[in-house]
Amino acid sequence: MKKILAFAGSNSKTSINKQLVTYASDLIDNAEVNLVDLNDFDLPLYGIDLEKSHGIPHNAHKFFNLIKESDGLLISLAEHNGSYATVFKNLFDWMSRIEAKTFCGKPMLLMATSPGGRGGASVLEAAANRFPFHDTKIVAQFSLPLFGDNFKGGQFVNDDLNDQLKSAVQKLQSAI
């Protein structure tokens, strides 16, 4: 059975991106989904001096191995000030020291949501421009604007957006 690694690029316990990636995970058929929480991969703030004195932390290796063992990636990135949340950027920095081709050629569904009308557009653009250099094929993107209006009680209230997400999930499944 194919394996998909799913996570939100956030450490908030009430992350709307975690709610989105959890919902999207439930749409996947005929694959084992490993939904992980970045809070379970605590890492010190990356710095070259720290790396030289202590090496690369176990949790960076542990997360990188989850990527290597998967057949596809389902990611919903939180947007902080137009870019990645610090928790994700720090993990990404540590993993890139293990292997520059961080995503190991895995197909990816890249998502974001936000309370605002742009739905994480800035972080999606940043990731879509950067991630292919780290060896992933982004097979689909999905943005959910106005999270509080479009997602209530664990469900989409906007059928068009729900259909767009289902189509994006199908593209990921077809790619693995």
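Any read-out appearing in this document is the output of simple, stated calculations on the displayed coordinates, not a laboratory observation. Quick caveat: nothing in here was measured; it's all calculated off a predicted structure. So basically every Cβ, Gly included, is an ideal-geometry build from the backbone, and we count neighbours across all protein chains shown.
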Worksheet entry | Fewest-first sequence of Tyr84, Tyr23 by Cβ atoms within 10 Å of each Cβ | Tyr23, Tyr84
Response to the item:
Hydrophobic long helices for the chain, i.e. whole DSSP H runs reaching 15 angstrom or more by Cα along the axis with Kyte-Doolittle mean at least -0.5, come out as 16-26, 86-98
Worksheet item: Using a Gaussian network for the chain with springs between C-alpha atoms less than 10 Å apart, which of these wobbles most: Asn90, Asn59, Asn129?
Response: Asn129
Worksheet item: Amide H to amide H under 5 Å from Val33: which residues, 5+ apart in sequence or cross-chain, H placed 1.01 Å off N in plane?
Response: Ile4
Worksheet entry | Distance in nm between pseudo-label sites at Asn150 and Met1 (7 Å out along the Cβ direction from Cα) | 3.1 nm
Worksheet item: In nm, to one decimal, how far is the Leu27 label point from the Asn65 one, both placed 7 Å along Cα→Cβ?
Response: 3.2 nm
Response to the item:
CD proxy, 222 nm, the chain: helix-only mean residue ellipticity via -39,500 (n - 2.57) per DSSP H run with n ≥ 4, per residue, nearest 500, stands at -12500 deg cm²/dmol
Response to the item:
Computed from the beta carbon distance with a Förster radius of 25 Å, FRET efficiency for Ser83 and Lys166 to the nearest 0.05 stands at 0.35
Practice prompt. Could you please state, rounded to a whole Å, how far the C-alpha centre of the range 20-83 is from the C-alpha centre of the range 148-176?
Written response: 22 Å
Worksheet item: Tell me, what are the semi-axes, in whole angstrom and largest first, of the equivalent ellipsoid of the range 2-175 as set by the roots of 5 times the Cα gyration tensor eigenvalues?
Response: 26, 18, 14
Practice prompt. Among Cys104, Gly82, Ala121, flag the residue with its Cα farthest along the positive direction of the charge dipole of the chain, charges on Cβ as +1 for Lys/Arg and -1 for Asp/Glu.
Written response: Cys104
Worksheet item: Given Cα pairs under 8 Å that are at least 6 residues apart, what percent is the relative contact order of the chain?
Response: 24 percent
